[in-house]
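To keep things clear, I will list the structure first and then write my remarks on it.
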Amino acid sequence: MVTGAPATMLDRREELTPMLAQYVEVAERYDDAIVLFRVGDFYKAFCEAADEVARVCELTRIEREDSTGTYTACGIPVDNAPKYLKRLLDAEYRVAVADQVEDPEEASGLVERAVTQVLTPGTVVEEELLAEGSNTYVACVASEAEGTEASARTGSGATREDEDQNDPAYGVAYVDVSTGECAVTAGDAAAVDEELARIDPAELLVAPGVDPAVVDGADCMRTERDPETFDPEAARGVLDRYADPDRFDAAERVAAGALLSYAEYTQGDDGPLEYVRRVRRYDPRRSLRLDATALRGLELFENHVGSGRTLFDTLDETRSALGRRRLRAWLRRPLVDREAIEARHDAVAAFAERTLAREAVRDALSAAYDLERLAGRISRGRANARDLRSLYDTLAAVPDIREAIGGVDALAEVRGDLDPLDDLRELIDEAVVEEPPQEITEGGVIRAGYDGELDEIRTTAREGREWIANLEERERERTGIDNLEVGYTQVHGYYIEVTNGQLEKVPDDYTRRQTLKNSERFYTPELKRREDEILGAEERADALEYELFADLRDRVADESDRIGALADAVARVDALAALATAAVQRDYVRPEMGADGIALDRSRHPVVEETEPEFVPNDAALPRGTVALITGPNMSGKSTYMRQVALAVVLAQAGSFVPADAARLPVVDRVFTRVGASDDIAGGESTFMREMRELTDVLHDATGDSLVLLDEVGRGTSTADGRAIARAAVEFLHDETGATTLFATHYHELTDLADEYERVVNRHFAATERDGVRGSEAPASQPETPRVSGDEVTFLHRIREGAASSSYGVEVAELAGVPESVVARAHDLVAADRDRDEGEPTVDAGSGSGSGSAGATPQRTLDEISTNGHGHGDDGGDAPSADPEPPAVRDDAVADLLADLLDHPLAETTPLEALNALHEYQRRAEEAANADDAGERA
Ligand code: ADP
Ligand code: MG
C-alpha cells in the first residue's frame, strides 16, 4: 500500500509548483493516509497516491506536465465522492481530505488548504459510508504494563494451568464513532481473541508491548499510533474527559484512553466527543460466551456454505436501524441471567399475543430515523435542518408506540423509558420549517414567529420587495411610458428599463445605469436605497438564521443523554417486536428456562427449515452432563441436528422463542462448536493441528454448564489415531468437565462407550427405513416409507435412540446400486469385523496404526465408502483375504480405486488438490463401470 508523501515528488520538492508543494507538505504530515486535495469540483490525488486511487476506484489517471516535469493525477468528482471514498475504505485505506479553508476569491495567491477529515474504515461517521443496520467499531488492545509482554496463550495448551487465577493481562476497548457507543473490558489472551471475534472491529489499534499473537485472530485493518498515546498517564488524561479513570484497571485505561484519543483525532481533534456519553465497563462472563469458532460454526452472522442465510437474517424482523443493531447485539451476547432472560421472554410473549399492538408499534418504528447517529451528527455540529426534522419525526412517533403498548405489564419498563421528549420536539417544530433546504447557510430554515429580530428583518425585506413589485405600475403612471419595465440582474441589481423611442419621457430623478441596443436602464435614489435595504436584510437574515440554527442545534446536543436513553428504548422495543414477529410467523415456542438439561420436542433448525420444505423435526432429551454420540451416514442430518440444539440455546438466552413444539432449557455459560478438519475446507485451513488446538480449548474451558458440539472431530488424521483421540475426548468430557455434549462421529466403535459410561448415550440417524428395522438397537416406532427412488437415496433425517447399524454404509451402497454380490460380501466383512471388535472393545492407537499400514485394501468394508473414506475398520488389515474365487477384472479396478480413495491423505490435501483428486477418482470409477457394461454385453 502506497501512502504518505509521494517519493517522486520529495526528490524535487524545491522545484514544485506551489500547489504540489502544499500537497507534499500535507502528505508528509498524514503519511499513513491517501491525501485528497480539493481542487475545483474534484478531490485530487497526485503521483503514487493517484495511482492507488485510480486502481481502487477504477478512475482514469491523468499524466500532467508542467515546468517541473511530469506527474500523474487522479480526481474524484466531489458530487460522487461517497461512492469512491467507500471503495477506498473497503480496500482498507485511510483517507485524509484536505479542503479549501480560505475563500478562493479572498486568497492572495495559493488557497490555504487543511485536512478537515481523516476517514478510516473503523471511524467513519458519514451516513453514506456506513452500513445501516450494523455497528462500525474501532477497537484497541493494550497490555497491563507497557513493555512487559504477557505471553500469548491463545490456543496453545502449554501454559494454561494457572489461567483461571491469572489477573487479567489485557484491556480491550471499542467505540462506534458514529453512535458514541463505547465499552471496555479486560481479560487474558484467550479472552482478547474471543472479544475481538464478537466485536468484529473494522480497525484495530494495538499498544506496543502486546504480543502480536494475541491479536492474530482479528481480521481487520491495523492502525499504528504514536507510542506516546499508549502512555499510561497520557491515556488516563484522555479517558478522564469521558469517565472516571479510577473505575478501570490499568490495561483498560490504556486501551480506552488511547482509543478515544484516536477517535478524537479522526474527528478533527477539536476536543472530546460529547456524544460518547459513557464508557461502559463489562465482563464477558456475564453473557453466554461464544468464541470465534462458535460464531462461525453456528453461522449466526456469516454464512459459509449453503443457503447464504444466517440466523440473524432469519430472525431480523426489525423495522429500524436501531433495532437491527440491537438484535445483532443480543445474538452476539446472549444473557446468562435467568431473570433477565425471562423478562425478555415475557416481553416477546406480550407482543406475540397482541397482533394489533405489535403491528402498530412496527408501523410507528418504520418512521424512526437512526436516533443514535442523528444524535452523533448533532453533537459533532454536522447536522443540518433536515436532520433536526428527522429527529422531530422520530420523536413524533414515540407517543404512538407508547399508546400501543399501554397497559401491558411485561412492556411497562420499556414503555417507561420511551420518553417522547415533548419539550425537544416542540422546540424543533417551533424553530424549523417543515421542509427545510439541505444547506443551512442560505436561509429558509427558521420558521416565522421563532425570533423577533429575524421576523423584523424579513418584514423589511418583504416590504422592500413589495415596493419594487409595485414600482413598475407606479412609474408607468407617473411618466406616461406604458412599456416601462422593472427588472433585476445579478450584476447590476434592480433597474428601470425604457425603450429608445420613449427616452424623452424619462424624468429627472432617473440615473442611467446601463445602455443596451434598443433601450436604456435607469435607477432612482429611492430604488437604490430600497435595493440596499433588501439585499442587506436578506444577507442579515441568512446569517441570523444560521446563528439561530446553530444555537438550536447546540441546545439539542445538550440533550444527547435523553436522546440516547430514548434511542436505547426504541432499539429494545424494535428488537422485542421483531422477535415476537419471528416467533409468530415461524411458529416458535416460548422456552421454559432453568431446566436441568435440554429437552426439546420436535425441534427444528431455524435456518435450514426455511429452505428445506420437508424439514423433519426431531426431539432432543439431554439431561445435564449427557454425552450423546450421534452416528449415521453422511448427509443424514447429524450436523444440522446438533446445530439446531445449540441454536435453540442461543436463541432462548438472547430472549427469543425457539423453533420447537416445546422447549425446556438450562442456562448455559458457553457454547463450543468444533468441526472436524476435513469438514471445514471452506475455512481454508484444513489442518489437523488446528482441529486439535481447538479441541484442547474445549477440553480445558468447558464447564458443567457448557454445551459442546463436536462434529466429526478426529477426522483429520489416520483412522486409528482419530478414533483414539475421539474416545479419549469423550471420556474426558464425561468424567472431568461434565459438559452436555453432542458428538457426531463416524467412528462407530465409540458407541460402545454407552455401556461403560453412565451419561453417554447413543443416537443415530437412519439412512432408510430398512436400516431402522435392521438396526440392532431400536426398531422404528412408526412405519416410514423409504424415500428411495431408482438408485437415489433419500434420508429420513429422523433421530432415533441407540447407535446406527454399523452396516449402514453397506445399506447405502446397496441402495445406490452396487452389485448384489459385492453387497453380500460387504455384509459378511462387517459382521466379521464386529465380532473381532467385540473381542477387543478398547481401541489402542498404536496397534491400530501398525496393522493398518500393512493391510491389503480389498478387506475394507464398503460402509467406509459412505463415511468419506474414514470409516471404522482401519485396523482390519488382519481380516482374512481367503476368497475362494479370484475377483473379476472390474472388481480389481474397483478394489484399487477404493484402496486409493481410502488411503487418500485428506489432512495434507488442499481444497484444490481434493477437487483434482476427486476428478481423477470419478474418471476411474467411470472406467470401471464401462468395463462392467462391456462384460455384460459380452
Ligand atoms: P450430516 O452431518 O449427517 O452429514 P447434515 O446435517 O449436513 O448431515 O445434513 C445434510 C442435509 O440434509 C442438509 O443440508 C439438509 O438440507 C438436510 N437435512 C438435515 N437435517 C434435516 C431434517 N431434519 N429434515 C430435512 N432435511 C434435513
Ligand atoms: Mg456433518
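The values are calculated or read from the model by the stated rules, or taken from the named source; none is laboratory data. Everything numeric in this text was worked out from a predicted model, so none of it was measured. Methodologically, a virtual Cβ is constructed for each residue, glycine included, from the backbone with ideal geometry; neighbour enumeration extends over all protein chains shown. Ligands, DNA and RNA are stripped out before the accessible areas are found, and what is left, the full protein with its side chains, is counted by its heavy atoms. Shrake-Rupley method; radii C 1.70, N 1.55, O 1.52, S 1.80 Å.
Figures for the structure shown
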read-out: The listed residue being of a type outside the set (F, W, Y), within 30 Å of Y369 (Cα to Cα) and exposed (fewer than 15 other Cβ atoms within 10 Å of the Cβ), out of D554, D542; value: D554
read-out: Where G449 falls short, out of the listed (1) touching a helix residue (DSSP H, G or I) at 6+ places or on another chain (Cβ under 8 Å); (2) open to solvent by less than 50 Å² (accessible area, probe 1.4 Å); value: (2)
read-out: Enumerated strands (runs of 3 or more DSSP E) restricted to the stretch 21-110, each holding at least 2 residues that are of a type in the set (G, A, S) and more than 19 Å from E127 (Cα to Cα); value: 69-77
read-out: Residues of the stretch 313-344 classified as closer than 20 Å to R373 by Cβ and in a helix (DSSP H, G or I), total; value: 11
read-out: Test: residue in the stretch 64-73 that is at pLDDT 90 or above and not assigned by TED's automatic domain parsing to the domain that holds C220; value: yes
read-out: Residue within the stretch 209-224 that is of a type in the set (A, V, I, L, M), over 25 Å from E299 (Cα atoms) and surrounded by 22 or more Cβ atoms within 10 Å (Cβ to Cβ) present; value: yes
read-out: Given (1) touching an Asp or Glu at 6+ places or on another chain (Cβ under 6 Å); (2) outside any helix (DSSP H, G or I), number of the condition A410 does not satisfy; value: (2)
read-out: Inter-residue pairs, beta-carbon under 8 Å, first touching a residue at least 60 places away in the same chain (Cβ under 8 Å) and open to solvent by less than 20 Å² (accessible area, probe 1.4 Å) and in the stretch 630-642, second within 6 Å of ligand 1 (Cβ to nearest atom) and of a type in the set (D, E, K, R), 6+ apart; value: I630/K638; T631/K638; G632/K638
read-out: Members of the stretch 747-758 found to be out of contact with any Leu (no Cβ under 9 Å at 6 or more places or on another chain) and farther than 18 Å from I799 by Cα, listed by number; value: E749, D752, D755, E756, Y757, E758
read-out: Candidate set from the stretch 271-319 (those that are open to solvent by less than 60 Å² (accessible area, probe 1.4 Å) and among the hydroxyl-bearing types (S, T, Y)); member that is farthest from A569 (Cα to Cα); value: T293
read-out: Subset of the stretch 357-373 (residues that are without any contact (Cβ under 8 Å) to a residue 40 or more places away in the chain and hydrophobic (A, V, I, L, M, F, W, C)); value: A367
read-out: Residue that is farthest from ligand 1 (Cβ to nearest atom) [pool: residues in the stretch 704-739 that are under 19 Å from R690 (Cα atoms) and polar (S, T, N, Q)]; value: S718
read-out: Given (1) closer than 26 Å to A292 by Cα; (2) buried (at least 20 other Cβ atoms within 10 Å of the Cβ); (3) at pLDDT below 90, index of the condition D193 fails; value: (3)
read-out: Qualifying residue in the stretch 610-626 (condition: farther than 23 Å from V336 by Cβ, under 23 Å from the mean Cα position of the chain (by Cα), away from ligand 2 (no atom under 16 Å from the Cβ) and open to solvent by 40 Å² or more (accessible area, probe 1.4 Å)); value: yes
read-out: Given (1) within 22 Å of the chain's Cα centre (by Cα); (2) closer than 20 Å to V607 by Cβ, index of the condition V348 fails; value: (1)
read-out: Pairs, first open to solvent by less than 10 Å² (accessible area, probe 1.4 Å) in the stretch 341-353, second among the polar types (S, T, N, Q), C-beta under 9 Å, six or more apart; value: I341/Q653; H345/S656; V348/S656; F351/T581
read-out: Counted residues, the stretch 398-430 - those being open to solvent by less than 30 Å² (accessible area, probe 1.4 Å) and over 15 Å from A565 (Cβ atoms); value: 6
read-out: Matching residues in the stretch 178-237 - criterion: being β-branched (V, I, T), within 14 Å of A142 (Cβ to Cβ) and part of a helix (DSSP H, G or I); value: V192, V214, V215, T229
read-out: Residue in the stretch 30-53 that is nearest to the chain's Cα centre (by Cα), counting only those that are free of Cβ contacts under 8 Å to residues at least 40 places away in the same chain and either under 20 Å from Y265 (Cβ atoms) or buried (at least 19 other Cβ atoms within 10 Å of the Cβ) (or both); value: V53
read-out: Residue in the stretch 518-527 that is polar (S, T, N, Q), in contact with a Ser or Thr (Cβ under 8 Å, 6 or more places away or on another chain), over 27 Å from D423 (Cβ atoms) and open to solvent by 50 Å² or more (accessible area, probe 1.4 Å) present; value: yes
read-out: Residue match in the stretch 249-265 (condition: part of a loop (DSSP other than H, G, I, E, B) and either in the same structural domain as V115 (by TED's automatic domain parsing) or surrounded by fewer than 23 Cβ atoms within 10 Å (Cβ to Cβ) (or both)); value: yes
read-out: Failed item, numbered, when R586 is tested on (1) open to solvent by 10 Å² or more (accessible area, probe 1.4 Å); (2) farther than 30 Å from A663 by Cα; value: (2)
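Residue by residue, here is whether (1) modelled with pLDDT under 85; (2) of a type in the set (S, T, N, Q); (3) in contact with a helix residue (DSSP H, G or I) (Cβ under 7 Å, 6 or more places away or on another chain); (4) open to solvent by less than 40 Å² (accessible area, probe 1.4 Å) holds:
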residue	(1), (2), (3), (4)
I62	no, no, no, no
N80	no, yes, no, no
L85	no, no, yes, yes
E102	yes, no, no, no
V118	no, no, yes, yes
